[in-house]
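Okay, structure first, notes after.
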Amino acid sequence: MLKTAYNWHRPLMLFTLSMVVLTPIAALGMLLDDRVLVDSPIWFKPFKFAVSFVLYSASLAWFISLLDGRAHRIAWWLGTVSALVGVGEMAIIVGQVVRGKRSHFNFETPLDAALFSAMGTMVVVLWVANLVIALMLLRKKFADPALGWTVRFSLLIALIGMGVGFLMTQPKPGQSIDQGTLGAHSIGGADGGPSMPFTGWSTVYGDYRVGHFIGMHALQFLPLLITLAGRWANARLAWVISGGYLGLTLLVIWQAMRAQPLIKPDALTLVVAAVIVAGTALGVVWARQPQQNTEKELVAA
């Protein structure tokens, strides 16, 4: 199994392995290094990014392995670019930790600004590479329609999650280059302050990282859900759970934009959440009804 996974896309899987190694190193850093940056252990960001990249790069490698012919060759190069971008981004994040500096939204010095700008360029490259791979998977015919639609939707939703990062870079009221900071994770207040354990998401302000996380990890959650469905998995169910997951992603992004913390939803947020849950539940019931030629109903996968 490990040998098979390694052959999905070797550059991405080597990057995955490097992030597996970095994860305990960053965890050890949180234990041994008492420095705090923006009210968080300074090694917390490398730890979170390493874990996220393990999941992301392994998933992308698997998706690329599903393609064949010319599409696979193009996707292979795009995957290689993605791996190099990941290496570059993590090098900057870890390097800034060593310097005791913020890696994101930092314009304190020309070097800090250049590093953050470089990371922004890398993210754009990563987003475009993922978009092209997603478009190629939209054209691929899958023997298993449920898996095919789940893979496609997971990449498209992940693009939305990645796109939330661009919202974070927008200058917030009162910020300026002279102050050394442009952009923030939080909406309605400054980064830092009370936060949720493990995630670091704000408990007093809206936080774009919620939608960023949920959207990005559609790459893992949706294929896992359709796999767990077992014999109930079909094209209809893939559409339903993907639609529900998309609704959840958009909901938490909208919630953050209204400066509302995840754990303190207002009545409107709860009503919309209830509609999404009810709609998804009804969709699951519909997906399990006896059907004929589901693939034809939803266009052959």
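A short reminder: the numbers here are calculations on the coordinates, not readings from a lab. In this text the structure is predicted, and so the values were computed from the model without any measurement. No Cβ is skipped: glycine too gets one built from the backbone with ideal geometry, and neighbour counts run over all protein chains shown.
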Euclidean distance between Cα centres, segment 218-259 to segment 198-217, Å: 17 Å
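Over the chain, what lengths in whole Å, largest first, do the semi-axes of the equivalent ellipsoid take, defined as the square roots of 5 times the eigenvalues of the alpha-carbon gyration tensor?
Working: eigenvalues 233, 125, 53 Å².
Largest first, the chain gives 34, 25, 16 Å.
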Pick from Ser117, Ser82, Ser186: which is most flexible by mean-square fluctuation in a GNM of the chain where alpha carbon atoms under 10 Å apart are linked? Ser117
So for the chain, taking the charge dipole from beta-carbon charges (+1 Lys/Arg, -1 Asp/Glu), which of Leu251, Ile177, Ser82 sits furthest toward the positive end? Ser82
Net charge of Cβ neighbours under 12 Å - reference Ala259; Lys, Arg +1; Asp, Glu -1: +1
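Note the count of lysine pairs whose C-alpha atoms are less than 24 angstrom apart in the chain, limited to pairs 8 or more residues apart or on different chains.
Values: Lys45/Lys101; Lys45/Lys172; Lys48/Lys101; Lys48/Lys264; Lys101/Lys172; Lys140/Lys296; Lys141/Lys296; Lys172/Lys264.
Lysine pairs meeting the criterion: 8.
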Max mean-square fluctuation residue, GNM over the chain, Cα-Cα springs under 10 Å, options Gly174, Gly243, Gly95: Gly174
Test item: Cα-centred dipole of segment 1-140, Lys/Arg +1 and Asp/Glu -1 on Cβ, debye: 520 debye
GNM flexibility winner over the chain from Ala267, Ala158, Ala287 (Cα, springs under 10 Å): Ala267
Semi-axes in Å, largest first, for segment 171-301 (Cα gyration tensor, √(5λ)) are 37, 15, 12
Would you please name the chymotrypsin sites (Phe, Trp or Tyr not before Pro) within segment 150-253 that are DSSP coil residues with at most 10 other C-beta atoms within 10 Å of their C-beta? Phe198
By how many degrees, between 0 and 90 and to the nearest 10, does the Cα long axis of helix 69-99 differ from the longest principal axis of the chain? 20 degrees
Relative contact order as a percentage, the chain, C-alpha pairs under 8 Å and 6+ apart, gives 16 percent
State to the nearest 20 debye the size of the charge dipole of the chain about its Cα centre, where the only charges are +1 on K and R beta carbons and -1 on D and E beta carbons. 840 debye
Normalising by the residue count of segment 1-140, find the relative contact order in percent from Cα pairs under 8 Å and 6+ residues apart. 25 percent
Test item: Cα-centred dipole of segment 43-104, Lys/Arg +1 and Asp/Glu -1 on Cβ, debye: 300 debye
At 1.306 mPa s and 10 °C, Stokes D of segment 50-168 from Kirkwood alpha-carbon radius, µm² per second: 103 µm²/s
